[in-house]
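The values are calculated or read from the model by the stated rules, or taken from the named source; none is laboratory data. The structure displayed is predicted, hence computed values, not measured ones. Reconstructed Cβ throughout: ideal geometry from the backbone, glycine too, with neighbour counts over all protein chains shown.
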Amino acid sequence: MIKSLSQYKEDYRKSVEDPAEFWSEYSKSFFWRKEPGNILSWNFEDPDVKWFFDGKLNITENIFERNKKNENDTAIIWEPNDPNEKNKELSYSQLFKQVCSFANVLKALGVKKGDRVIIYLPMIPEAAISMLACARIGAVHSVVFAGFSAKSLSDRINDCKAKVVVTSDGNYRGNKTIPVKDVVDEALKTSSSVKSVLTIKRTNSKIQMVEGRDYWYQDLIKSVKNYCAAEMMDSEDLLFILYTSGSTGKPKGVVHTCGGYMIYSQYSFENIFQYERGDTYWCTADVGWITGHSYIVYGPLLSGAKTIMFEGVPNYPTPSRFWDVIDKYDVNQFYTAPTAIRALQSYGDKYVDGYEFRSLKVIGSVGEPINEEAWKWYYEKVGMRKCPLVDTWWQTETGGIMISPIPNVIDCKPTYATLPLPGIQPILLDNDGNEIKENNREGNLCIKFPWPSILRTTYGDHKRCKETYFSTFKGYYFTGDGAKRDDNGMYRILGRVDDVINVSGHRIGTAEVEDAINQDVNVVESAVVGYPHEIKGQGIFAFVIINNLKSGYDYSSSIRLSVTKHIGPIAKPDNILIVPGLPKTRSGKIMRRILRKISSKEFDNFGDTSTLLNPEIIDLITSLYKDKINK
Ligand code: WTA
């Protein structure tokens with residue numbers, strides 16, 4: 001573990017001078033059935049990246065068998081949505097048995113190495129258990145956030161041709177009960193690859209069970225053994241697919257493979273959180289996102305850590321819930337998102353004042369840029385001005401944290417993710433692809449060398465992977481983010497430079513939302529942009545043209561319903577403006593930068609509009625929006 005600045009510098013130097021040697025050295029502490037013969041081969045043109053090639057391993061053997069001497073340590077603490085319900089604690093040996101049982105149930109359903117399993121679950125221990133069970137038998141898991149709609153779920157099932165869906169009879173979230181199994185039933189009307197649905201009892205909600213397709217997990221587990229031998233995986237075999245939004249088309253399945261992901265999730269976890277045995281670590285993310293994969297499940301469990309899984313939401317039953325949980329378990333490392341911080345800050349300090357947070361050693365932030373005000377509040381009220389605040393920048397595609405302070409090693413600086421971890425080689429490029437060598441200039445953030453957990457492909461469509469990440473700037477991985485570097489080499493992430501909106505830390509493609517809006521029969525055309533939002537970071541603003549506009553009709557509700565149905569409530573527009581037209585260039589492209597300005601209430605200096613076919617539309621839209629604000 002990196003413990004000093006000089007060690008960081010030394011490790012960083014080694015990782016750049018001889019990356020293969022650096023990672024080969026680190027990989028020696030893992031349990032390989034067969035040592036890798038070739039540490040790294042790569043090119044960013046095809047792209048084709050292989051780490052620890054022809055090594056054989058199973059990631060779950062590195063969680064359980066490798067750490068057997070500590071099998072009585074607590075692995076997972078599960079804190080339910082309702083604080084009055086009993087929590088659960090699972091030791092490594094108990095977790096191992098449950099993973100094996102689950103793996104045997106999947107096998108009994110005919111799941112084999114390489115088959116895809118969709119996990120559509122609330123934050124219950126079975127979410128982690130089912131992921132690990134897949135990994136145990138070499139099945140590829142694809143977790144879908146349980147807030148996505150039936151249509152989104154069905155698209156993902158169809159894209160990866162999943163054989164099994166794992167779900168629950170319902171999902172508690174704050175004071176709501178969400179009928180997740182009904183969503184699965186709906187999704188399966190348009191998905192034919194699924195042979196079985198494995199349902200876990202959680203809410204005892206009344207649900208339909210389809211004979212021969214739907215099974216209760218609680219029934220099947222009775223007839224299986226609680227040991228399952230690990231499937232031998234090649235380092236480059238698929239571990240999981242996680243769907244994420246981009247600037248065009250449907251969400252794509254980001255592919256991570258066994259060896260590299262294992263190495264880097266443990267490495268980054270240990271260093272960023274400086275986890276010591278006996279500590280209690282809590283990441284508030286949902287396992288449906290990459291943060292949950294790498295920093296609730298894989299990173300912590302590979303490191304033998306005690307990791308909390310929280311089923312609830314930050315403001316239920318009160319906006320003190322996070323602080324109560326930290327107190328209850330004496331949490332040492334706490335990792336959450338800026339949107340949660342801003343929301344909790346907005347309820348007022350009375351909900352946080354009075355807590356001493358003596359156990360906390362490190363606090364972290366992830367998912368979106370953290371503004372200075374939220375940074376300071378978090379640092380003062382929760383970190384008590386003593387805990388390093390690690391602002392961690394990374395992506396679904398990077399698999400693990402890329403740029404972040406290391407507690408007590410690299411100084412924290414508000415709104416800066418600071419320095420790259422060893423092995424990570426960032427570079428800033430201008431729009432023509434030239435390197436920006438000077439400091440304090442904005443550029444496109446790219447990475448020039450592979451790290452172990454870089455995405456390998458987008459499932460079923462390698463061309464798309466190449467086009468999205470490796471074509472904008474030849475020879476580099478393009479992150480889609482803008483950044484700048486200060487005189488100390490520290491990076492500040494400025495947000496997306498493409499048509500992706502980051503709403504409450506969730507990535508949403510504008511094209512996807514437009515598609516969903518356009519499904520509403522009243523809609524002729526729409527354009528969606530992100531605008532600054534106090535709590536969510538960015539909000540979704542939709543400019544919509546309606547066919548045969550009638551007064552008195554509630555078009556907004558109908559549009560929001562369409563988005564909820566096609567994507568899920570997280571993508572619902574915050575602001576909808578009905579407009580007579582959209583600013584378009586002569587070639588028919590929507591000039592989004594104008595809409596972005598209007599949505600941010602910047603009503604002048606629109607820059608060069610000479611290529612617009614209909615420049616008069618700017619004034620029209622502006623006055624419509626001003627009228628709406630003044631209403
Ligand atoms: C944004 C989440 C600023 C960024 C782990 C990135 C951040 C996208 C930060 C990836 C941060 C993530 N500061 N921006 N610390 N962390 N982002 O794939 O725009 O859900 O490209 O992965 O979130 O989102 P994703």
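Name the single residue, out of those in the range 461-490 being more than 15 Å from the ligand (Cβ to nearest atom) and of a type in the set (Lys, Arg), that is farthest from LEU242 (Cα to Cα).
The qualifying residue farthest from LEU242 (Cα to Cα) is LYS474.
Step by step: first the residues of the range 491-511, then only those that are touching a helix residue (DSSP H, G or I) at 6+ places or on another chain (Cβ under 7 Å) and outside any strand (DSSP E or B), then the one that is nearest to the ligand (Cβ to nearest atom). Which residue is that?
Restricting attention to the range 491-511, the residues satisfying the condition of being touching a helix residue (DSSP H, G or I) at 6+ places or on another chain (Cβ under 7 Å) are 499, 501, 503-506, 508.
Narrowing the set further to residues that are outside any strand (DSSP E or B) leaves 499, 504-505.
On the way: ASP499: 12, SER504: 11, GLY505: 7 Å.
Ranking the qualifying residues of the range 491-511, first place goes to GLY505.
Please give the number of the condition THR307 fails out of (1) under 30 Å from SER152 (Cβ atoms); (2) surrounded by fewer than 21 Cβ atoms within 10 Å (Cβ to Cβ); (3) out of contact with any Gly (no Cβ under 8 Å at 6 or more places or on another chain).
Answer for THR307: the failing condition is (2).
Mind listing whichever residues of the range 221-257 are surrounded by fewer than 19 Cβ atoms within 10 Å (Cβ to Cβ), not in a loop (DSSP other than H, G, I, E, B) and not aliphatic (A, V, I, L, M)?
Across the range 221-257, the qualifying residues are LYS222, SER223.
Quick check on the range 278-292. Is at least one of its residues of a type outside the set (A, V, I, L, M, F, W, C), away from the ligand (no atom under 11 Å from the Cβ), assigned to a helix (DSSP H, G or I) and in the same structural domain as PRO338 (by TED's automatic domain parsing)?
No, every residue in the range 278-292 fails to be of a type outside the set (A, V, I, L, M, F, W, C), away from the ligand (no atom under 11 Å from the Cβ), assigned to a helix (DSSP H, G or I) and in the same structural domain as PRO338 (by TED's automatic domain parsing).
If we scan the range 14-35, do we find a residue that is modelled with pLDDT of 95 or more, surrounded by fewer than 18 Cβ atoms within 10 Å (Cβ to Cβ), in a strand (DSSP E or B) and out of contact with any helix residue (DSSP H, G or I) (no Cβ under 7 Å at 6 or more places or on another chain)?
yes
Residue by residue, here is whether (1) closer than 23 Å to PRO80 by Cα; (2) more than 13 Å from the ligand (Cβ to nearest atom) holds:
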| residue | (1), (2) |
| --- | --- |
| PRO317 | yes, yes |
| ASP330 | yes, yes |
| GLU380 | no, yes |
| VAL390 | no, no |
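Only one residue in LYS597, LYS589, LYS572 is out of contact with any Pro (no Cβ under 8 Å at 6 or more places or on another chain), of a type outside the set (Ser, Thr, Tyr) and either touching a residue at least 40 places away in the same chain (Cβ under 8 Å) or within 30 Å of GLY288 (Cβ to Cβ) (or both). Which one? Show your work before the answer.
Details: LYS597 fails: either touching a residue at least 40 places away in the same chain (Cβ under 8 Å) or within 30 Å of GLY288 (Cβ to Cβ) (or both); LYS589 fails: either touching a residue at least 40 places away in the same chain (Cβ under 8 Å) or within 30 Å of GLY288 (Cβ to Cβ) (or both).
None of the other options fit; the residue is LYS572.
Pick from SER101, SER41, SER15: which is farther than 30 Å from THR457 by Cα, small (Gly, Ala, Ser) and in the same structural domain as GLY174 (by TED's automatic domain parsing)? Lay out the reasoning, then the answer.
On the way: SER41 fails: farther than 30 Å from THR457 by Cα; SER15 fails: farther than 30 Å from THR457 by Cα.
Sole residue among the options that is farther than 30 Å from THR457 by Cα, small (Gly, Ala, Ser) and in the same structural domain as GLY174 (by TED's automatic domain parsing): SER101.
Return the residue satisfying two criteria in turn: it lies in the range 310-328 and is over 15 Å from VAL382 (Cα atoms) and not charged (D, E, K, R), and of such residues it is surrounded by the fewest Cβ atoms within 10 Å (Cβ to Cβ).
So, considering only residues that are over 15 Å from VAL382 (Cα atoms) and not charged (D, E, K, R), the one surrounded by the fewest Cβ atoms within 10 Å (Cβ to Cβ) is THR318.
Is at least one residue of the range 433-440 in contact (Cβ under 8 Å) with a residue 24 or more places away in the chain, within 16 Å of the ligand (Cβ to nearest atom) and either more than 16 Å from TRP393 (Cβ to Cβ) or in a loop (DSSP other than H, G, I, E, B) (or both)?
No: the range 433-440 contains no residue that is in contact (Cβ under 8 Å) with a residue 24 or more places away in the chain, within 16 Å of the ligand (Cβ to nearest atom) and either more than 16 Å from TRP393 (Cβ to Cβ) or in a loop (DSSP other than H, G, I, E, B) (or both).
Kindly provide the set of residues from the range 190-211 that are touching a helix residue (DSSP H, G or I) at 6+ places or on another chain (Cβ under 7 Å) and either within 17 Å of GLY170 (Cβ to Cβ) or among the acidic types (Asp, Glu) (or both), ordered by number. Lay out the reasoning, then the answer.
First, the residues of the range 190-211 that are touching a helix residue (DSSP H, G or I) at 6+ places or on another chain (Cβ under 7 Å): 190-191, 193-194, 197-201, 207-208.
Across the range 190-211, the qualifying residues are VAL197, LEU198, THR199, ILE200, LYS201, ILE207, GLN208.
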